[in-house]
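I have placed the structure first, in the form of structure tokens, so that the comments after it can refer back to it.
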Amino acid sequence: MFKAKPKFNLLRIPQVFSILYISLLTILSLNMPEGNISLIISITSFIIRMAPILILILFLYLSFQRPYLGGFLYIIAGICITISLQSYNTLSTFLAVSLPIFTIGILFIIFGIMEKY
């Protein structure tokens, strides 16, 4: 007579945050420099800008399968991005670039543990 409410899957929260962050990075990577640049240079520049986004999409796919692995990969990606972009120098750059990736990784690990128990 009474139907049980479906259980809310907490792993959807970091997945949605990850999709939003990847979408933001994709929009920002579409900014192309103006001027007389050849088509080959423009395409190469676009591919170089999309490489980190494709890696994050791969991590997102892996986190759908195994949340712990995805969480650790996101944390490793956050460390690599922090070091390569030197976002540790200014707080605003760290908060905008690196912190979302660390947060997503930590959320995947925490909610993966909560789903298991």
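List of remarks:
A quick yes/no check of all residues on (1) in a helix (DSSP H, G or I); (2) over 24 Å from LYS7 (Cβ atoms); (3) in contact with a Gly (Cβ under 8 Å, 6 or more places away or on another chain):
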| position | (1), (2), (3) |
| --- | --- |
| ILE53 | yes, yes, no |
| TYR68 | yes, no, yes |
| LEU73 | yes, yes, yes |
| CYS80 | yes, yes, no |
| SER98 | yes, yes, yes |
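- Scan of the range 31-46 for residues that are within 24 Å of ALA96 (Cβ to Cβ) and surrounded by 10 or more Cβ atoms within 10 Å (Cβ to Cβ), ordered by number: MET32, SER45, PHE46
- Residue match in the range 1-16 (condition: modelled with pLDDT of 90 or more and buried (at least 16 other Cβ atoms within 10 Å of the Cβ)): yes
- Neighbours by Cβ (under 9 Å, 6+ apart or cross-chain): first from the range 68-92, surrounded by 13 or more Cβ atoms within 10 Å (Cβ to Cβ); second in a loop (DSSP other than H, G, I, E, B): ILE81/SER87; THR82/TYR88
- Some residue of the range 48-59 being of a type in the set (Lys, Arg) and either more than 18 Å from PRO14 (Cβ to Cβ) or under 12 Å from the mean Cα position of the chain (by Cα) (or both): yes
The values are calculated or read from the model by the stated rules, or taken from the named source; none is laboratory data. Given the structure is predicted, the values throughout are model-derived calculations rather than measurements. Reconstructed Cβ throughout: ideal geometry from the backbone, glycine too, with neighbour counts over all protein chains shown.
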